[in-house]
1. Project the alpha carbons of the range 545-591 onto their principal axes and report the range along each, largest first, in whole Å.
2. Wrap a convex hull around the Cα atoms of the range 611-718, take a quarter of its surface area, and give that in square nanometres.
3. Report Rg (one decimal) and Dmax (nearest whole number) for the range 416-471, counting Cα atoms only, units Å.
4. Extension gain residue 428-residue 499, at 0.36 nm per residue separation less the Cα-Cα distance, in nm?
5. Can you give the accessible area per residue of the range 19-66, in Å², using a 1.4 Å probe?
6. Give the dimensionless ratio obtained when the Cα radius of gyration of the range 258-323 is divided by 2.2 N^0.38 Å.
7. Given the Cα-Cα distance of residue 288 and residue 213 and 0.36 nm per residue of separation, how much length would full extension add, in nm?
8. Of the listed pairs 320/463; 425/634; 331/463; 360/463; 360/451, which have alpha-carbon separations greater than 18 Å here?
Amino acid sequence: MADFTQTLPLLPLTSGVVLPGMVFTMALETDEARAAADAAGSVGGRLVLVPHIDGRYARVGVISEILETGELPGGSLGMVVRGVERSAIGTAVPGTGAALWVQVEPLHEGITTPAVHDLTREYRAVLENILLSRGARRIAEQLRDVTEPSLVADIAGYSSDLTLAQKVQVLETVDVEARLRLVLGWARETLADITLRERIKTDVEEGMEKTQREFLLRRQLESIRKELGELDVEAEGGSPEDYRARVAERDLPEQVRASVVREISKLERTSEQSPEHGWIRTWLDTVLELPWGVESEDALDVGAAGRILDEDHDGLGDVKERILEHLAVRKLQTERGLAPVGSRGAGAILALVGPPGVGKTSLGESIARALGRKFVRVALGGVRDEAEIRGHRRTYVGAQPGRLVRALRDAGTTNPVILFDEVDKLGTDFRGDPASALLEVLDPAQNHTFKDHYLEVELDLSKVLFIATANVLDTIPGPLLDRMEVIRLDGYTEDEKVAIARNHLVARQIGRAALRPEELEIADEALRLIVTDYTREAGVRSLERELGRLLRKVATKIAAGEVAAPVVVGAEDVRTWLGRPHFFSDAADRTSVPGVATGLAVTGAGGDVLFVEATSMEGPEGLTITGQLGEVMKESAEIALSYVRSHAGALGIDPGVFAGRRFHVHVPAGAVPKDGPSAGVTMVTALVSLLRGVPVRSSVAMTGEVTLRGKVLPIGGVRQKVLAAHRAGLTEVVLPKRNGPDLEDVAEAVREEMTFHLADDVAEVLAAALGTVEHAIEGERQRGAA
């Protein structure tokens with residue numbers, strides 16, 4: 001407990017705090033203040049100053065000495081006091097005058113330790129940095145003269161960065177080490193805040209200075225270049241006058257002209273320092289770069305167009321015929337004045353669907369050349385953002401028009417041929433559905449008023465000839481597919497591939513191998529052997545790769561001096577250059593045992609041959625199906641087994657063979673997903689072959705959907721399946737009877753080499769594949785009818 005040895009008048013402070021060592025001038029405005037001053041006496045008298053904040057007195061006061069009394073500049077009475085030392089405040093005691101007298105006891109502030117000296121030096125350094133950052137260099141220099149740790153800590157009383165409550169806390173912290181740590185923490189926060197403010201201020205000033213400097217330098221550069229005659233400053237700067245001149249020179253639609261004029265007016269009112277100034281200029285440049293009213297003149301010579309198409313591509317008669325029809329209609333419209341060129345709905349939208357490598361993309365270029373139009377290819381494979389088609393809205397940073405607008409800008413005309421490549425591989429995610437955005441583009445009744453999100457003006461696409469390419473139709477949405485005229489490119493026959501290799505591929509690969517045409521001769525027999533034994537595809541990409549490999553080997557031999565030109569490659573030389581064949585006909589080996597039948601299917605790569613294997617074993621009755629089959633194909637296997645069991649007697653099969661046995665149907669190439677109903681007759685044939693112990697004829701392939709009543713229903717992809725059978729070396733194909741008219745789509749050369757069996761029910765299929773079981777089935781049907 002403190003031993004109070006002194007009695008002094010108390011003066012409460014309501015608006016400040018006096019710490020030891022501080023010199024403080026105060027006005028004696030209240031009776032209480034004047035009474036305390038009178039009680040202390042004149043100069044040299046003492047009193048205790050205690051902060052009185054929020055209705056309470058501080059626990060610690062400061063014994064202060066009066067240095068001077070007198071009138072202040074305003075005429076009021078005041079005095080100058082100096083804080084001497086901290087003291088504890090005791091109880092009030094009677095005293096002279098109206099002042100409040102209290103007992104006080106000076107407080108010991110602790111022992112000065114090395115840690116105290118370290119804290120003193122650090123706090124003084126932080127204070128100097130704060131003062132120097134605020135331009136108070138003189139005060140910072142004077143601060144170095146204060147060395148007493150307690151006085152250094154109490155300098156915080158002068159700080160304007162501390163609140164009144166914080167200063168009271170400094171006063172009440174008697175231990176000097178604790179006080180130094182307290183004020184040092186606050187000083188660090190203040191210095192960090194000052195440093196951050198200075199850095200922000202510096203960054204802003206540097207940015208402004210850089211912008212102003214660049215602006216002045218650009219102005220000076222423009223003036224210099226203008227004086228040298230190197231530049232039309234107005235044209236480079238894109239002034240409103242320049243844009244108005246460009247608008248006057250162009251034949252813009254009225255609605256587009258009004259939008260452009262409105263943006264030019266906005267450009268005049270926008271500061272060059274504003275980001276919007278650049279956005280407006282970019283939009284104006286984009287609009288004025290489009291080929292408004294510019295059309296390329298169609299080459300209306302139908303005969304010449306046909307010759308160009310024949311020069312570029314062998315085969316593909318259907319698509320060539322459709323292009324010539326389009327050209328002929330345009331020619332008659334122009335000659336007879338029946339409709340203005342490019343009227344609404346005059347554009348055509350074609351979809352070329354076929355396996356890879358059949359020439360869909362190159363055919364688009366050939367069509368453009370035949371029509372005398374510009375050609376632009378737009379790759380859509382993997383596109384998932386709807387803005388790729390319709391453009392980004394101008395509110396986004398880095399916005400740009402969609403691919404259609406960019407295609408027209410690149411073409412430079414309003415009636416180019418635009419090829420949408422791989423339209424079946426469009427994606428869909430949270431950014432939108434590009435396929436839905438194409439609905440308006442590919443509708444001749446709507447695309448004359450197409451609006452890009454970036455341009456926001458109507459764009460006439462009705463004069464464009466759109467061509468879309470796809471490998472399959474399954475992934476194209478129905479509404480989009482409905483807007484396109486589908487032309488199928490199902491692949492090439494063997495003779496067509498040989499002709500393509502001779503007329504196109506060999507010449508191209510000779511150039512790539514750095515050979516001369518006279519240095520190499522490849523016989524047609526050699527080309528045919530490469531087609532049959534080294535490739536098996538609907539298109540010609542693998543064929544071109546094999547030819548390229550052969551020519552590179554020839555070039556290597558010629559460069560090494562091992563052979564002399566010209567090099568002649570015959571059928572007997574192919575194996576020497578290309579090694580062992582990659583493909584061979586395995587139908588005979590696969591079908592040499594009962595229970596295996598040859599089917600036909602259509603994939604994204606064209607038609608293909610597949611084998612259906614069946615076996616049985618002892619075990620619980622039922623059916624196991626393997627080969628990564630889809631639900632429809634699994635149902636076909638169930639139907640096939642049910643049909644065979646229900647007609648076992650007619651098929652020459654002991655009905656008791658099904659008891660206690662489990663059947664297994666497998667379609668090899670298990671890593672490849674398979675689905676569809678067209679393997680139904682193949683599964684029936686494989687099961688009947690297994691149960692009768694009769695192998696299926698190795699030259700026969702089949703396709704068709706089967707019902708529980710044994711009817712064979714029509715299927716799709718006849719041309720592709722027949723070509724696949726022809727490539728595999730099969731000579732007979734069993735087809736549903738209702739698919740008979742589809743054989744007209746098959747090349748005549750292929751039809752002459754193959755035999756087709758048109759079946760209306762399973763009996764006719766089995767007759768062609770196994771032998772004469774149809775008579776037994778027919779007899780059973782007659783008995784059932786009776």
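1. For the range 545-591, the Cα extents along the three principal axes come out at 49, 19, 13 Å.
2. 6.9 nm²
3. Every Cα atom of the range 416-471 included, Rg and Dmax give 12.1, 34 Å.
4. 21.5 nm
5. 45 Å²
6. In units of the 2.2 N^0.38 Å rule of thumb, it is 2.12.
7. Stretched fully, the residue 288-residue 213 segment lengthens by 23.8 nm.
8. Numbers: 320/463 20 Å; 425/634 27 Å; 331/463 15 Å; 360/463 22 Å; 360/451 29 Å.
Too far apart for the 18 Å limit: 320/463; 425/634; 360/463; 360/451.
The values are calculated or read from the model by the stated rules, or taken from the named source; none is laboratory data. Everything numeric here is computed off the predicted structure, so don't read it as measured data. Backbone-built Cβ (ideal geometry, glycine too); neighbour counts: all protein chains shown. Calculation scope for accessible area: heavy atoms of the full protein, side chains included, ligands and nucleic acids excluded. Shrake-Rupley method; radii C 1.70, N 1.55, O 1.52, S 1.80 Å.
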